[in-house]
Amino acid sequence: MRKHQVLALVLAVLSPLEALAADIVVWHAYRGGEKAAFEKVVAAYNAKPGNPNKVTTLAVPYDAFADKITAAVPRGKGPDVFIYAQDRLGGWIEAGNTVEPIDFYLDDAIRGRYVPATFEAMTYRGSVWGLPLNYKCIALITNKKLVKDPPKTTAELEALAKKLTARDAGKFGLAYSYGDYYYHAALQNGFGGRVFDQGKPVMDNPENVKAAQYLQAWIKAGFMPAEPSSALITSLFNEGKAAMVFSGNWFLGEIASGIDYAVSPLPVISEAGGKPMRPWITVEGVYVAAPSKAKDAAFDFVKYVTDVEAAKVMALEGRQSPANAKVYADPKVAADPILSAYKKQVDVAVPMPNLPEMTMVWSPATTALGAIIRGGDPKVALAKAQEKVAADVANLRKGK
Amino acid sequence: MTAPASQDPRLQAVHVARFHAGLAAGLVIALGLSWAWLRGTASAGYEGRARKEAVGALTGLAGEVEQAGGEGDGVRAALQAWQAGQPAGTVGRVVVLSGARLEASTDPKDAGDRAAPRRLAHDEKPVFDRAQRMRGIVIENRDQEEKKPELEVVLEDGRFSMAAPVRKGGEVIGAVEVVRPAAPPPAAPGVPAALLALALPVVVFLPLRRAGRIVAGLAALALFAAGVAGFGAYAQRLVGGAADAIQALSAAGVLGLGVLLFVALGGAARFRSALVRNRVAYAYTLPAMVGMLVLVFFPFFYGILISFTGQTIYNTSAPLTEIWNGLHNYASILGDFSIVHRAEDGSLALSYGNFYWTLIFTVVWTVTNVAIGVSVGLVLALVLNTKGLALRPIYRVLLILPWAMPNYITALIWRGMFHRQFGVVNYARMLFGAEPISWFDQPFTSFLTALATNGWLSFPFMMVVSLGALQSIPADLYEAARVDGASRWQQFTSITLPSLKPALVPAVILSVVWTFNMFNIIYLVTAGEPGGATEILITQAYKYAFQQYRYGYAAAYSTVIFIILLVYGVFQNRVTRATEGI
């Protein structure tokens, strides 16, 4: 009897370590500099003294990533940890056996170390499902040669844009994909608008209508190009024909080497009482796969990769904007104008909804925006979109 | 099997033996299925009763814990009181979410330094996650006004493992978890009865082996019926004779009868001998058959199966029987005739999402595209076929180029050319003083952009086909026609067109199918703009599946497309047969 107790005690002491020592497979979709930085972080984790785990990475092409996760993970064939944006999170949670809830592991120190909005993006129906790694959102990108002081308010922006526009020469003060709902959301959220309220679609709320009317005023003022596709905006900016652009850090890689640019937060909306434009954030989260055999070890890695040390490498070498808020106190990160500009932006931004119903919003919203851009009544267009989204969501939920 | 052969006693014996084997095989199938059904029903009924009792115990505990305030000593007392009324081996736990606490437990392991209240240990994460899940269900029911059962019941290793939320002031603060042993299900009933029903007819048939064919055949059928009916009556009495019992048992009987007839009438023997005779051929085709089965037929039939369910992203893991909704998807696709609706200002407007609008658009899209492809292709072929044309190989290569380029690249280029401000099409219009058009804002102009793109992509194929056929027309036909005084037009309609027909008809048929399902062009050029007006059936099905996650509905939509093309295929087969004579 006594022997058993001793054995049990020994096992109890050893078990936390025992449970941690594991081989962990991580799937990511990084290439180039991001991949190199991520692998450096993984190598540092593997070499960490006292760490019994071994992490191996697998780069999966981005196009196939989400489908692979959907197909492989619930059947137990996937990785232990994977990295993806929050837009698919709700769908994976609803489908089940894909993402592991991690509330159990979290304490206030972990909860508090991220930019709040990015942490919110990892929350679905009251539970936390992953830790945020980095975020992307749009901000104001200006051509330094044309714009000395980036506008702080929309009133300044309009005046400046009008001054810099010469339609006959194909020159525009401002260019952004205002026909794309993702970009329009910055104005809409700035006016206090939203897509879902308590999980139910509310496309035609008065704030959304107001934002749409405001967009119409901008279009009427004529300082933006028609049908602004992303390729068009890139070429206009690179030819010095667009002075200001609203875009995310993905745009920076496409800027021609001869263009001197600056990034600053989007202006505050004078017409909305000085409230800031609030773009949507896309947050890449690190998730523990539900069927993983080594969840404790997997979470240990998730915690590490979203901590300050790793975030610094990912920021400075991978050129990501880390979700970890503490890293911005680092002198090197703080000195980086782009990183700090996006950080300023994300502090007022809102996470893009991670509900699976969001996919049903895009198409009707684009249609409504199209009608609004052509000068249609925003109220009617948004009401129509609301009707369509509500019907689609109801149809989806009916099968549940 | 001619008449004299049946008098051959040896053959006669073979036939009777077949009846005997068929009787045995048929009975095995029918009784096996009936028995499996009986077993399933019996254990399901048992499990249902046991589950009800267990859930009663769970909800009772949850109520008492809520009454005791959800946490604190009151909860521990309530749990102890509840435990007294439970069968041995029952374990109850109360978990509080905030701080991941085990508030109370009657698990014998939770004693000594593991006694509640304490923080949940590392290996108890599933307990915590379960409580979190309960909270999620309550939140969802509240937000979506749904009525999902707010509890979780799992039967594992002969025990019910259950959980229910604990509320305090409207919010879920934790959960109760109960593990309660379920009495082992009773042994499956009816094994001796099934064996008896199987053995008796087979034994009784033995003396009949010397009888004539007809007598033996009738006897086999009668014995089969007696065996199945006997077991059926027994099974029905056992489960209480519900309507679904009769249904399930008669289905098993019919299947068994089919097997009996298949064996008895020589089908099985013929099948076997065909397999043996052509074994080399079957061996060669086996890999292809397996490949087709796995890669084509399985997904195809699975898709059709899905189309009868309400599968969406929310219930992909649910068994198909649970989400079965019969013909509902088809009814809602085909039964919605509201092609037009009243717009806000009272005028009539088209509903672009409607199936029939999309079908009409798809047909118009197909007909116009094929017409353009054939006419442009034919004209260019005629031009290229001109005798003594200089630099003909160069023209030919240039004209085939659109076909050689990957079509999504072409599609994206054309989309760019129709840009309102920077597109070359509007630029050309402005050179002539016309106003620029927003091509994708109106259904008709949007349709034109897709039509232009696809026309550009489809004429080279028709041109190549026509050119080949043109060169095979003997020149002396034209010579004779000229001698007879036929005009150029008469030559074209009486010689060229009829000679092209055997080559053109199959090409047109093919191109109809391609264009009908031309996903890339619509998806990339118009993207259904404006408002889904220029969506064709296949892109619409894609949207249902991958933007709205309604897998069952999308599968039904695809099946409808398949049926349309199937009908077309049957129709085209007749037309091709008509042209074969030329």
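The values are calculated or read from the model by the stated rules, or taken from the named source; none is laboratory data. Keep in mind the model is a prediction, meaning the values are calculated, not measured. Every residue, glycine among them, receives a Cβ derived from its backbone with ideal geometry; neighbour counts consider all protein chains shown.
Of (1) away from every other protein chain (no Cβ under 14 Å); (2) of a type in the set (Gly, Ala, Ser); (3) within 24 Å of the chain's Cα centre (by Cα), B:Ser511 satisfies all except one. Which? Only one criterion is unmet by B:Ser511, namely (3).
Pairs linking a residue in the range B:373-388 that is within 17 Å of B:Ile473 (Cβ to Cβ) to a residue that is hydroxyl-bearing (Ser, Thr, Tyr), with Cβ atoms under 7 Å and 6 or more positions apart or on different chains, are B:Gly377/B:Ser466; B:Leu378/B:Ser466; B:Ala381/B:Ser466; B:Leu384/B:Tyr395. Screening the range B:408-423 for residues that are in contact (Cβ under 8 Å) with a residue 60 or more places away in the chain and more than 13 Å from chain A (Cβ to nearest Cβ) and picking the one that is surrounded by the fewest Cβ atoms within 10 Å (Cβ to Cβ) gives B:Tyr408. Cβ-Cβ distances below 6 Å connect the following pairs, each with a first residue in the range A:24-39 that is free of Cβ contacts under 8 Å to residues at least 60 places away in the same chain, a second residue that is surrounded by fewer than 20 Cβ atoms within 10 Å (Cβ to Cβ) and among the polar types (S, T, N, Q), and a separation of six or more residues or different chains: A:Val25/A:Thr56.
For the range A:87-97, the candidate set comprises residues that are at the interface with another protein chain (Cβ under 10 Å from one of its Cβ atoms) and touching a strand residue (DSSP E or B) at 6+ places or on another chain (Cβ under 7 Å); within that set, the residue that is surrounded by the most Cβ atoms within 10 Å (Cβ to Cβ) is A:Trp92.
For the range A:171-194, filtered to residues that are in a helix (DSSP H, G or I) and within 25 Å of A:Ala231 (Cα to Cα), the residue that is nearest to the chain's Cα centre (by Cα) is A:Tyr182. In this entry, A:Leu369 is excluded by the filter for residues that are in a helix (DSSP H, G or I) and facing chain B (nearest Cβ under 8 Å). Which of the residues that make up the range B:533-555 are more than 9 Å from chain A (Cβ to nearest Cβ) and either touching a strand residue (DSSP E or B) at 6+ places or on another chain (Cβ under 6 Å) or not hydrophobic (A, V, I, L, M, F, W, C) (or both)? Listed by number, the residues that qualify are B:Thr534, B:Glu535, B:Thr539, B:Gln540, B:Tyr542, B:Tyr544.
Pairs meeting the criteria (first residue in the range B:104-115 and over 22 Å from B:Glu66 (Cα atoms), second residue assigned to a loop (DSSP other than H, G, I, E, B) and among the charged types (D, E, K, R), beta carbons under 9 Å, at least 6 apart or on different chains) are B:Arg114/B:Asp107. Just a yes or no: is a residue in the range A:114-133 more than 20 Å from the chain's Cα centre (by Cα) and surrounded by fewer than 21 Cβ atoms within 10 Å (Cβ to Cβ)? Among the residues of the range A:114-133, not one is more than 20 Å from the chain's Cα centre (by Cα) and surrounded by fewer than 21 Cβ atoms within 10 Å (Cβ to Cβ), which makes the answer no. Residues that are surrounded by 12 or more Cβ atoms within 10 Å (Cβ to Cβ) and either farther than 22 Å from A:Glu284 by Cβ or of a type in the set (S, T, N, Q) (or both) within the range A:49-62 comprise A:Asn51, A:Pro52, A:Asn53, A:Lys54, A:Thr56, A:Thr57, listed in sequence order. When the helices (runs of 4 or more DSSP H) confined to the range B:378-486 are screened for residues that are farther than 28 Å from B:Val508 by Cα, within 47 Å of the chain's Cα centre (by Cα) and modelled with pLDDT under 90, those reaching at least 1 such residues are found at B:407-417, B:424-431.
For the range A:76-90, does any single residue satisfy the condition of being among the basic types (Lys, Arg) and either within 21 Å of A:Gln320 (Cβ to Cβ) or in a strand (DSSP E or B) (or both)? Yes, some residue in the range A:76-90 is among the basic types (Lys, Arg) and either within 21 Å of A:Gln320 (Cβ to Cβ) or in a strand (DSSP E or B) (or both). Might you let me know whether the range B:354-374 holds any residue that is over 21 Å from the mean Cα position of the chain (by Cα), more than 30 Å from B:Lys148 (Cα to Cα) and within 14 Å of chain A (Cβ to nearest Cβ)? Yes, there is a match, as at least one residue in the range B:354-374 is over 21 Å from the mean Cα position of the chain (by Cα), more than 30 Å from B:Lys148 (Cα to Cα) and within 14 Å of chain A (Cβ to nearest Cβ).
Selection of the range B:308-322 for residues being under 18 Å from A:Thr70 (Cβ atoms), small (Gly, Ala, Ser) and facing another protein chain (nearest Cβ under 7 Å) yields only B:Ser317. Cβ separations smaller than 9 Å between residues 6+ apart or across chains give the following pairs from the range B:173-185 residues that are part of a loop (DSSP other than H, G, I, E, B) to residues that are of a type in the set (Lys, Arg): B:Ala182/B:Arg51; B:Ala182/B:Arg159. With respect to the conditions (1) more than 30 Å from A:Asn46 (Cβ to Cβ); (2) within 14 Å of chain B (Cβ to nearest Cβ); (3) crowded, with 21+ Cβ neighbours inside 10 Å, A:Ala349 lacks only one, and its number is (2). No other residue among B:Gly212, B:Gly170 is exposed (fewer than 14 other Cβ atoms within 10 Å of the Cβ) and on the phi < 0 side of the Ramachandran plot apart from B:Gly212. Could you tell me which residue of the range B:33-76 is surrounded by the most Cβ atoms within 10 Å (Cβ to Cβ), considering only residues that are without any contact (Cβ under 8 Å) to a residue 60 or more places away in the chain, in contact with a Gly (Cβ under 9 Å, 6 or more places away or on another chain) and assigned to a helix (DSSP H, G or I)? Filtering first and then ranking leaves B:Val75. Within the range B:79-119, the only residue that satisfies the criterion of being basic (Lys, Arg), under 19 Å from B:Met162 (Cβ atoms) and part of a strand (DSSP E or B) is B:Arg93. Any residue in the range A:105-125 that is part of a helix (DSSP H, G or I), within 10 Å of chain B (Cβ to nearest Cβ) and either without any contact (Cβ under 8 Å) to a residue 40 or more places away in the chain or not polar (S, T, N, Q) (or both)? Looking for residues that are part of a helix (DSSP H, G or I), within 10 Å of chain B (Cβ to nearest Cβ) and either without any contact (Cβ under 8 Å) to a residue 40 or more places away in the chain or not polar (S, T, N, Q) (or both), one finds at least one in the range A:105-125, hence yes. Condition test on B:Gln540, is it modelled with pLDDT under 90, within 30 Å of A:Thr359 (Cα to Cα) and surrounded by 15 or more Cβ atoms within 10 Å (Cβ to Cβ)? No, not satisfied.
Looking at this structure, is B:Ala331 within 14 Å of another protein chain (Cβ to nearest Cβ), hydrophobic (A, V, I, L, M, F, W, C) and out of contact with any Pro (no Cβ under 7 Å at 6 or more places or on another chain)? For B:Ala331, the condition - within 14 Å of another protein chain (Cβ to nearest Cβ), hydrophobic (A, V, I, L, M, F, W, C) and out of contact with any Pro (no Cβ under 7 Å at 6 or more places or on another chain) - is met. Restricted to the range B:424-451, and to residues there that are exposed (fewer than 13 other Cβ atoms within 10 Å of the Cβ) and more than 14 Å from every other protein chain (Cβ to nearest Cβ), the residue that is nearest to A:Ile373 (Cα to Cα) is B:Phe444. A single member of A:Val389, A:Val393 is touching a Pro at 6+ places or on another chain (Cβ under 7 Å), within 19 Å of A:Arg88 (Cα to Cα), modelled with pLDDT under 95 and surrounded by 23 or more Cβ atoms within 10 Å (Cβ to Cβ), and it is A:Val389. Scanning the range A:195-247 for residues that are part of a loop (DSSP other than H, G, I, E, B), touching a helix residue (DSSP H, G or I) at 6+ places or on another chain (Cβ under 8 Å) and away from chain B (no Cβ under 14 Å) yields A:Val195, A:Met203. Can you work out which of the residues in the range A:300-324 that are at negative phi and among the basic types (Lys, Arg) is surrounded by the fewest Cβ atoms within 10 Å (Cβ to Cβ)? The selected residue is A:Lys303.
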